[in-house]
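**Student:** Quick one: this structure, given as structure tokens, is what I'll be asking you about.
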Amino acid sequence: MPGKMLQQPHTDINGVLDQLERVVRWSEEFQLVFVKCHHPVQQEALRRAFLARLHDKRVLEVVLEQPIVSLLDEITALWDSAAPPQAVCVYHLEKSINEQREASPVLGRLNHDRDLLRRAVPATLLLWLPDFALDCVARGAPDFWAWRSGVYEFPTDRGLWHVESAFALAPEASALFSLPLEDKQKDIARLEQLLRTARALPRQSKRERETAAHLAAQLALLYYSLGQWDKAQEYLEGSLRLFRQLRDQKGIASAYHNLGLLAEARGADDEALMWYRKALALREKLDDRAGMATSYHQLGIIAQERGAYEEALEWYRRSLAIEKELGDRVGIARSYRHLGKIAYLRGAYEEALEWFYRSLALAEELGHRSGIAASYSQIGVLYTTRGTPEAAVAWNLRGLLIDLELHSPEIRIDLHWLAQQRQQLGETRFFGLLREQLSEKDAQTILRLLDDFASSAQDDAVETIAETQGVQAAELGDHTNATSSEPLSAPPAVLPPEV
Amino acid sequence: MVKIIQSNGTDDPAGMYAMRAIVQRRLAAAQVPEDPAFDIGNTLDYVCRMSGGHVRNLLILIRTACTAAGALPLTRRVAEQAVRGMSNDFERALNRPGFFEVLRQIERSHTLPGSDYDQLLLYNLSVLEYLNGTAWYAVNPAVRELEKLQPTRRARGRRSQ
């Protein structure tokens, strides 16, 4: 990442374009040129401007939409020997630089193939890359890097970064949890790109550092929603560091709270409690009402898990009061669900069911998918433990289908209760109930998932499910409108994180 | 590698002559007299010195300066700009704090300290090896320009954008 220089070279976009044009026009043989450009949208505009300047030259464009191993193969496949290009522009090589960073296979091949490339490409080869990828090439393909004729750096378009960041941060955090897996992955890629760009911005303003902190926090929530705790922790700690530097008390409180969620997800309840209390103390000091509601809520969950139902009820009621005051309907739906849990745990099943249905109705009205799934699952759990598993199957199945779509960590809870129902009902009856909701093929897929879940340790099963999730969800299709009877049972403790 | 400096830090006349001759021959081949090619005599010397005696680096610096300037003569300012660009490029590969400690040791002693990083720093040309007579080592002049190797100077900016 950027270091410090004695003096900042003067760069402007037209000046860099002038230089790039000269680089191509003044050479008729192989030369290797790197073009630094952070932002995909900015890159597209610059690419057009560059090609317009070279309208009289033959320029081959190689767009690497998917990861590759051999750049030589990609270029030679497109090379026209009858009308050889005078310049070759390669875009998105960074997509081939994976989590192995400088150890990515494509870089090893570049290092190995540099002389072959020189012979195969008697033209100016321009690799357009963001800053992090240039660092990876310098470290991971040092021989290839040593052959560069120059590195031409476009200054980052700050205005564009601000607009894109504002757009990326616009969705309510609660909505992030209801995104399908593919959208979550796209959001992660976009946020990580924006965060990398932020790190490369020289002389960041306070507002830019605030934006970077929020980008990191948003990334943490997305990783949390996918059950990737380590990545979530990394980004949360990064956002906390930035909020502390900025003395942003509200941001610090939010980071504390989310660290509590992570600790809770990992089963470290005492640590979670510590974080929640720290967050609440700060929020009360700031009179951050919305923040206080989420803190109350999570403290309620910890109390509930410890069997302190009266205390939990008190936290949930406090949370609900603020949510109603603020008109936070997602929060209200969540509190209803948890009031239902307490009623259930105290044996007041009719009351519990009423809360669950109220929560479900609100979540459906809001289109809040993870809330809908949670309510479905709660109702299914209630019916199972009340000894009516026939009524429960459809509910837990519907919860599972949504959670698969969202790639939610709740999948394992749905599978646990479906496995219980299968055991109680017997194979034939259970399969028959699945078939009432699903096609033969989809019902078989559910059985395979349950078999995998039963035959391996729980964590391993979740990994397997995660790996196959894309296939399974596609096979299952959208059955969330399947009909179901009323019903009830013992709810999972994990909640969507603060939002 | 051409030995362009001596271990006491002064220019090596024979090495500098050889580096200048390389540039002059290139200019002659392009039918450009030396006088209009550089603004003042010591601009060429500056570029030769900052290449560390590495011929490829010399040509990268000249080429970068030419494309930045767009026309001759090459000025001292544009030559310095080319060197800064090269410093930035070297910095990309120097991603571990330990690298800079080793570089400082080499800068002081002109020997390799026997660290795990010695070979890597030689390989990526951050450290140059001069072999005529007794072998000795120097930090690449473009790397020496990096702020991280100059703790006594005040930082004035970040890497270029």
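**Student:** Need the failing condition index for residue A:299 against (1) hydrophobic (A, V, I, L, M, F, W, C); (2) over 21 Å from the mean Cα position of the chain (by Cα); (3) over 17 Å from residue A:319 (Cα atoms), just the number.
**Tutor:** (3)
**Student:** Could you list all residues from segment B:75-123 that are modelled with pLDDT of 90 or more and of a type in the set (S, T, N, Q)?
**Tutor:** Hits for segment B:75-123 are B:75, B:81, B:87, B:105, B:109, B:111, B:115, B:119.
**Student:** For residue A:189, indicate whether it is out of contact with any Leu (no Cβ under 6 Å at 6 or more places or on another chain), away from every other protein chain (no Cβ under 14 Å) and within 21 Å of residue A:36 (Cα to Cα). Walk me through how you get there before you give the answer.
**Tutor:** Values: out of contact with any Leu (no Cβ under 6 Å at 6 or more places or on another chain): yes; away from every other protein chain (no Cβ under 14 Å): yes; within 21 Å of residue A:36 (Cα to Cα): yes.
Considered against the rule, which asks whether it is out of contact with any Leu (no Cβ under 6 Å at 6 or more places or on another chain), away from every other protein chain (no Cβ under 14 Å) and within 21 Å of residue A:36 (Cα to Cα), residue A:189 comes out as yes.
**Student:** Kindly indicate which of A:337, A:306, A:346 is basic (Lys, Arg) and closer than 20 Å to residue A:221 by Cβ.
**Tutor:** Details: A:306 fails: closer than 20 Å to residue A:221 by Cβ; A:346 fails: closer than 20 Å to residue A:221 by Cβ.
Within the list A:337, A:306, A:346, the selection yields A:337.
**Student:** Right, here's the next one. If I go through segment A:97-117 residue by residue, how many of them are among the aliphatic types (A, V, I, L, M) and more than 18 Å from residue B:93 (Cβ to Cβ)? Lay out the reasoning, then the answer.
**Tutor:** Quick first cut of segment A:97-117, residues among the aliphatic types (A, V, I, L, M) only: A:97, A:103, A:106-107, A:110, A:116-117.
Filter again for more than 18 Å from residue B:93 (Cβ to Cβ), leaving A:116-117.
Counting residues in segment A:97-117 that are among the aliphatic types (A, V, I, L, M) and more than 18 Å from residue B:93 (Cβ to Cβ) gives 2.
**Student:** Quick one: which of A:305, A:210 is touching a helix residue (DSSP H, G or I) at 6+ places or on another chain (Cβ under 7 Å), over 24 Å from residue A:191 (Cβ atoms), at pLDDT below 95 and among the charged types (D, E, K, R)? First the steps, then the outcome.
**Tutor:** On the way: A:210 fails: over 24 Å from residue A:191 (Cβ atoms).
Just a single option satisfies the conditions, and that option is A:305.
**Student:** Specify which of the listed residues (B:66, B:48) is in a helix (DSSP H, G or I), farther than 26 Å from residue A:25 by Cβ and either at the interface with chain A (Cβ under 10 Å from one of its Cβ atoms) or not β-branched (Val, Ile, Thr) (or both). Please lay out each step first, then the result.
**Tutor:** Values: B:66 fails: farther than 26 Å from residue A:25 by Cβ.
After ruling out the rest, the residue left standing is B:48.
**Student:** Sticking with this one: Taking segment A:310-328 only, how many residues are buried (at least 16 other Cβ atoms within 10 Å of the Cβ) and either touching a helix residue (DSSP H, G or I) at 6+ places or on another chain (Cβ under 6 Å) or among the aliphatic types (A, V, I, L, M) (or both)? So that I can check it myself, show each step before the final result.
**Tutor:** Step one: list which residues in segment A:310-328 are buried (at least 16 other Cβ atoms within 10 Å of the Cβ), which gives A:312-313, A:315-316, A:318-320, A:322-323, A:328.
Pick out the ones that are also either touching a helix residue (DSSP H, G or I) at 6+ places or on another chain (Cβ under 6 Å) or among the aliphatic types (A, V, I, L, M) (or both) and you get A:312-313, A:315-316, A:318-320, A:322-323.
Here the count works out to 9.
**Student:** If I ask for residues that are more than 8 Å from chain B (Cβ to nearest Cβ), under 29 Å from the mean Cα position of the chain (by Cα) and not basic (Lys, Arg), which ones from segment A:138-167 would you list?
**Tutor:** Matches in segment A:138-167: A:140, A:154, A:157, A:159, A:160, A:161, A:162, A:163, A:164, A:165, A:166, A:167.
**Student:** What's the number of the only condition in (1) within 20 Å of the chain's Cα centre (by Cα); (2) within 19 Å of residue A:291 (Cα to Cα); (3) touching a residue at least 12 places away in the same chain (Cβ under 8 Å); (4) surrounded by fewer than 17 Cβ atoms within 10 Å (Cβ to Cβ) that residue A:218 fails to meet?
**Tutor:** If we test residue A:218 against (1) within 20 Å of the chain's Cα centre (by Cα); (2) within 19 Å of residue A:291 (Cα to Cα); (3) touching a residue at least 12 places away in the same chain (Cβ under 8 Å); (4) surrounded by fewer than 17 Cβ atoms within 10 Å (Cβ to Cβ), just (4) comes out false.
**Student:** In addition: If you check residue A:309 against the conditions, is it aromatic (Phe, Trp, Tyr) and within 28 Å of the chain's Cα centre (by Cα)?
**Tutor:** On the way: aromatic (Phe, Trp, Tyr): yes; within 28 Å of the chain's Cα centre (by Cα): no.
It is false that residue A:309 is aromatic (Phe, Trp, Tyr) and within 28 Å of the chain's Cα centre (by Cα).
**Student:** Here's a follow-up. Of all strands (runs of 3 or more DSSP E) completely enclosed by segment A:1-102, which ones contain at least 2 residues that are more than 11 Å from chain B (Cβ to nearest Cβ) and modelled with pLDDT of 95 or more?
**Tutor:** Values: elements: A:31-36, A:59-63, A:87-91.
Filter on segment A:1-102 gives A:59-63, A:87-91.
**Student:** Please determine whether any residue of segment A:265-276 is buried (at least 16 other Cβ atoms within 10 Å of the Cβ), free of Cβ contacts under 8 Å to residues at least 60 places away in the same chain, touching a Gly at 6+ places or on another chain (Cβ under 8 Å) and under 26 Å from residue A:208 (Cα atoms).
**Tutor:** Within segment A:265-276, not a single residue is buried (at least 16 other Cβ atoms within 10 Å of the Cβ), free of Cβ contacts under 8 Å to residues at least 60 places away in the same chain, touching a Gly at 6+ places or on another chain (Cβ under 8 Å) and under 26 Å from residue A:208 (Cα atoms).
The values are calculated or read from the model by the stated rules, or taken from the named source; none is laboratory data. Nothing here was measured: the structure is a model prediction, and the numbers come from that model. Quick reminder, even Gly has a Cβ in these numbers, built from the backbone with ideal geometry, and neighbours come from all protein chains shown.
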